[in-house]
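Everything on this sheet refers to the single structure shown next.
The values are calculated or read from the model by the stated rules, or taken from the named source; none is laboratory data. Note that the structure is predicted; figures quoted are calculated from it, not measured. Here the Cβ positions follow ideal geometry from the backbone for every residue, glycine too, while neighbour counts run over all protein chains shown. What goes into the accessible areas is simple: the full protein's heavy atoms, side chains included, and nothing from ligands, DNA or RNA. Shrake-Rupley method; radii C 1.70, N 1.55, O 1.52, S 1.80 Å.
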Amino acid sequence: MTPRAKGLVGLSLLLFLLALSALPRWVHACPFGMDLEFPTRTVCERALGGLGRSMALAGGVAGLTTALGILLALAAAQAKGPVDFAITRLSEFFFALPDILVLITMAFLLKTARDLGFMDPDPTLAVGASLSVIGWAVPALMFRARLQALGEAEFVAASRALGAGETWILVRHLLPRMKGFVLAVFLLRVPAVIFMESTISFLGFGLPPTTPSLGTYVGSNYRNLILGEWRIVLPVWGLLLLIAVGFSLLGKALMAGEEA
Amino acid sequence: MRVRFLRDLAIIPIVAFLVQALVVRLPVPVSDDAKRPQVVSLQAQMERDLGKGHALGFLRPWAKLARGEPLGNDQQGFDIRDLAAALGSSLRIGILGLALSLGWAYLYAWFRVRTRNPLDRRTLELLPDLIYATPPFFFALVLAIPLGTHLAGSRLPFEAAAALATALPAAAFFGQVLHGALAHEMGRPYVLTARAKGLSDDRVIWRHAMPNATLVLLDGAVPKVTLLLTGSFIAERVFNIHGFGYLYVYAAEQRQAALVVVGTTVFAALLVLVSLAAQAVRTWLDPRP
Amino acid sequence: MIPPPRTPWFTLGLCGLLALGLAAGRHIARPRYAPPTRVEDAVLRIAINLTPNTLDWNLSSDFSPPNYTVARATMRGLYTWNENQDLVLDVAASCALDDPKRPVEYTFRLRDDVFWSDGAPLCAEDFVLGWRRALEGKESKYFSDIVGVRDYLALPPGPPRAAALARVGFRALDARTFQVRLAAPRTYFPGYLAGVYAFCPAPSHRLRGLTEDQIRAYYRRTGNGDPLALGPYRIREWNRLDESIDLVANPHYPALPGRVPRVVLFPSDLATLLYDQGRVDFNFLDDGPSTFRYPAERRQAALWSTFWMGMSTRLLPSDVRRAIAMALDRAALGDHVLPRFRAASQLLPEGFPGRLKDGDPRLKALPPFDRNEARRLVARAGWTGRELTLVYHENGTFLPEAALAEGVRVQLAEVGLRVRLLGTRSMTAEMLTHDRRARHELHFRRTGADFPHPQEFLLPFTYGGDPAQDNASYTGFEAGGAGPAYRRFEREAQATAEVDASSLADRAWEAQRILLAEEAVLVPLFYPDRYFRTRPWLRELTIDPFNFIDFTRLTCSLPVKP
């Protein structure tokens, strides 16, 4: 497939998903039957309800971490020297942390704080914040590498030879060339966040089941899955597949367009 | 080299200290709540197990373990033998998972570079996406349907199943990284020269290109060996193997602060060891100083 | 260049591997259960959600229900209950009361044919030791009716406290005579002795003279016969990491022909799958879906338990509380949710002491099911269209609480109240938060009896406002803004403990009437049953009304006849 075709397929998949999540939740005719935990609701209703929340949460977290990543990368490129070193090492450190471990530790801290009556954040916000804390390192590293690669390009050398300042180069030459790349990174982060959220929800540290996401839905139904109730899980898996493929195709297309 | 080694090792006590400091500094409840038994027992536990308020408090859980005393707020808790057994399970899962995923990654990269068949190419390209699009716990669940879960007796069969489930996502990631590097290497002049000299494709790949691609894999993938740790958490949960991941989740759920501190530190130590091992492999593979 | 290979080896290989895996999986997954052939080889394997977190019953807390299951299999108390759930003496041969109607002093004469699993006879000193240890444990509140215990517990550690221990009202008169003196008559006290395992004895011949650490080690290390048992089973091994417990028949317990010689408990939340695979012999069919899955094998046991919905007196005016009580069609709540649904009218469950008979004219005082009236009350209070939050347990209980909460949501919508559902993993944490920041109006709760006495169902509601007794259970949620009637209820509830058995039912009813009708602080919804399946060769494997697996009469009929 050409990048263009990939992008088109990815984009249409995502639009389709958006339409699905916006679909009125009172679709009662569902080929997968009724939910087991909430017998008055259909599987489709639960899955699509989860889709919306998952996408919103993942979009928010991906947006935040991407923004944080580009800011840090810019700061590193601008300041150079020890600041650059510190930011890079910190990003590498966070990149190497086992995500689940950090998320569980944060859930533990939140739970303790909550039990001691210190604070009681909204569960969606708390999960979003935890995911953001571990999520910024990857984009930051990617952007920094990209900025460095661009910085070695000939047009930068030419601009520098013409007497341009570093800030000027950064703002005038490098940033405009990063736009597509930033978007691509953002798009690739979204499914990653969705899967991370689904995993911690499965382990019981994520969202409560009354604020359903795709992950909590599968997580709270895993006993039924093991007993062969595939109808509960297949729609969710299908949605996850579409999300991953859609975002990945679009992201890759953008990435390829950037590199061309 | 030596400096780097020491610097990396120094991370372990720093993590031990920081986590302890963080856990101990959790907000202290206000006076009218102090009567609540939960809070009281939580505070007593922190003082007993974590040496709250002592400068060297972060060493206390380790001293208790060394004396063979149990940690935790149950009457019984977990002592060093329990922790060692749990860590053993997790390490076996992790190492087997690492071996499986690396084996797969090399096979994958080799196939993908070698094959000219359009169907194979499509499959090879799609496979990682398919694996990424599946929540990691699905693999464990699918394996658990026929195998069941661990109850008592030998853990090994279930550890193997857990390793397999854990290896899949890591394999997809390693495979992609290695293939990218290998494809890049295959276009470089030394490969063309070797081919021109009449070496077979496989010989060129395995003798010349693959070691160089491995260096890239080390750079790109070693930090993500943690994928295996993460995966083993999930697989342990599904297969009912009470390994280190399970203990950690249990500790967090039960607010067993001392176990959280010990667990986090052990994980940090593992990460440091993995990165040191990767450096050793790199020195061995890369003749350049 | 080498010509490109034509065959899609990779795809073919992958498909082959998948097919092979599928075939192997199908082969492995085939159920292959074979019952044991001889009684001597029989092992009852049980997978339950949780297993005990300690074997030191005197110090354990009642937050871990599996502790009870193992404690009841391995321990005996002064009292127990028979098949009809009547209290009877267990290890005591006789009990002399100072006043048969309002007793405060119980003098137990121990039987001389009761032995620990190492063969040593049970003596009165064992109870003194066990109870003294329990005073330092998490269940010390159960001892506070005994003379001197409140004073003792109020003292900080030190010499005065040690002196106070000598004034506490239980002692061994001689090797076989044990005496307890209460501060005031308490009709529920024998129930405590049967149902609360903190009251079990500890083997003084083994523990006397040991340090606290050595005693801890005694309860930790298994495999050498420790810790000693009195009941039908003793602990052979406790694997703390796997959390499995291996029980074998206690040779010093009266013989029972056909007794299953070994019972193993494992933790697993996939017991249903493991039962289908033939790897365990007992399976609780919990949560909604699995109760319907095996209609032929399913068995059920009625519990002495009530599932109810609490209403915040702080956030809901009394008219709205009454309206909610009237709006709920309890029988309809169970449709498609549970196979057998015993809708509740009273707080005390069916067959429980102190409960009024169905059809008793006094029951007319309870709010009837009347949606029109409920709608009118809601409208009059100006609450139509308001949103209420209902908190339920999202897992960790054996009831499909989410489905029940959904049912309540739908039914309350009928009278103009909107309900938002909020699942929590820890009701205790939710309640603690609530005390500080009132934020939910309704919550689900199940009360289960540990022994047959109305106090079990009433006492939790009297704790509100007394931080000394506050065990973080109902903590003033219901009592928050309660009126004088609630205060009267507290006195009534307390009084049920002090009267003799004949007027117990009247006092219990008065307390219920205030709680359910006058103050309307809760709506009883239904009396839960426990569903399970076991292998047909197991006999008398039941769930007692207190929701524990009962091993005491467990036998097997082997070999299985074809």
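Assorted remarks:
- Rounded D (µm²/s) - the stretch B:70-133, Kirkwood Rh over Cα pairs, Stokes-Einstein at 20 °C, 1.002 mPa s: 141 µm²/s
- Translational D in µm²/s for the stretch C:151-203 (Stokes-Einstein at 37 °C, 0.692 mPa s, Kirkwood Rh from C-alpha pairs): 249 µm²/s
- Its residue count N fixes a reference of 2.2 N^0.38 Å for the stretch A:105-260, and the Cα radius of gyration divided by that reference is 1.42.
- Using the alpha-carbon positions of the stretch A:59-174, Rg (one decimal) and Dmax (whole number) come out as 18.3, 62 Å.
- Shape call, the stretch C:500-562: gyration tensor on alpha carbons, a/c limit 1.5: prolate
- Ratio Rg/Rh [Cα only; Rh per Kirkwood] for the stretch C:132-226: 0.98
- Whether chain A is rounded, prolate or oblate, judged on the alpha carbon gyration tensor where a/c under 1.5 counts as rounded: oblate
- Span-rule helices in chain A, defined as complete DSSP H runs reaching 30 Å or more along the axis (Cα) with Kyte mean at least -1.0: A:43-79, A:175-203, A:230-259
- Per residue, the convex hull spanned by the Cα atoms of the stretch C:217-353 amounts to 232 cubic angstrom.
- Its Cα gyration tensor gives the stretch B:146-289 an equivalent ellipsoid; the semi-axes, largest first and in whole Å, are 39, 19, 11.
- Alpha carbon centroid spacing (whole Å) that separates the stretch C:87-164 from the stretch A:30-89: 59 Å
- For C:SER503 and C:GLN85, a Förster radius of 22 Å and the Cβ-Cβ distance give a FRET efficiency of 0.55, rounded to the nearest 0.05.
- Two-decimal Rg/Rh across the protein assembly as shown, once Rg and the Kirkwood Rh are taken from alpha-carbon atoms: 1.00
- For the stretch C:46-155, chymotrypsin sites (Phe, Trp or Tyr not before Pro) meeting the loop criterion (DSSP other than H, G, I, E, B) and having at most 12 other Cβ atoms within 10 Å: C:PHE63.
- Prolate/oblate/rounded label for the stretch C:257-305 (Cα gyration tensor, a/c 1.5): oblate
- Ranking C:TRP131, C:PHE489, B:LEU130 by Cα position along the charge dipole of the protein assembly as shown, where only Lys, Arg, Asp and Glu carry charges on their C-beta atoms, puts B:LEU130 farthest toward the positive end.
- 24 Å Cα-Cα threshold exceeded, pairs from A:LYS179/B:LYS224; A:LYS80/A:LYS179; A:LYS6/A:LYS179; C:LYS141/C:LYS357: A:LYS179/B:LYS224; C:LYS141/C:LYS357
- Chymotrypsin sites (Phe, Trp or Tyr not before Pro) lying in DSSP loop within the stretch A:1-98, provided at most 13 other Cβ fall within 10 Å: A:TRP26
- Those residues of the stretch B:228-272 whose amide nitrogen sits under 19 Å from the label point placed on B:LEU9, 7 Å along Cα→Cβ: B:265-272
- What the Cα convex hull of chain C gives, in volume per residue, is 234 Å³.
- Plainly put, the stretch C:19-72 has a radius of gyration that is 1.24 times its Kirkwood radius, both from alpha-carbon atoms, as the Rg/Rh ratio.
- Take the Cα radius of gyration of the stretch C:57-205 and divide it by 2.2 N^0.38 Å, N being the number of residues; the result is 1.01.
- Each helix, a run of at least 4 DSSP H residues, gives -39500 (n - 2.57); summed and divided by the residues of chain C, these come to -9000 deg cm²/dmol at 222 nm.
- Surface accessible to a 1.4 Å probe, A:ASP84 within the full protein complex, Å²: 30 Å²
- Take the convex hull of the alpha carbons in the stretch A:184-260; its mean projected area over all directions comes to 5.4 nm².
- Value of relative contact order over chain C, rounded to a whole percent, pairs C-alpha under 8 Å and six or more apart: 19 percent
- Shape metrics for the stretch C:176-248, restricted to C-alpha atoms - Rg then Dmax, Å: 15.7, 46
- Accessible surface computed residue by residue for the protein assembly as shown, with neighbouring protein chains in place and a 1.4 Å probe, gives 42 Å² per residue.
- Largest to smallest accessible area among C:LYS141, C:LYS561, A:LYS6 [probe 1.4 Å]: C:LYS561, C:LYS141, A:LYS6
- The equivalent ellipsoid of the stretch B:114-197 has semi-axes of 37, 15, 10 Å, largest first, where each one is the square root of 5 times an eigenvalue of the Cα gyration tensor.
- Sorted largest first, the spans of the alpha carbon positions of the stretch C:24-106 along the three principal axes are 72, 31, 21 Å.
- Inter-label distance, C:ASP118 to C:ARG30: 5.0 nm, where each label sits 7 Å from its Cα along the C-beta direction.
- For the protein assembly as shown, the share of DSSP beta bridges that are antiparallel, to the nearest 5, is 80%.
- Using every pair of separate Cα atoms, the Kirkwood estimate puts the hydrodynamic radius of the stretch C:1-141 at 21.6 angstrom.
- Using a Förster distance of 41 Å, the FRET efficiency for B:ARG195-A:ASP122 (Cβ separation, nearest 0.05): 0.10
- Cα-based reach from B:LYS197 at 18 Å (exclusive), listing aspartates and glutamates while leaving out same-chain residues under 8 positions away: B:GLU185
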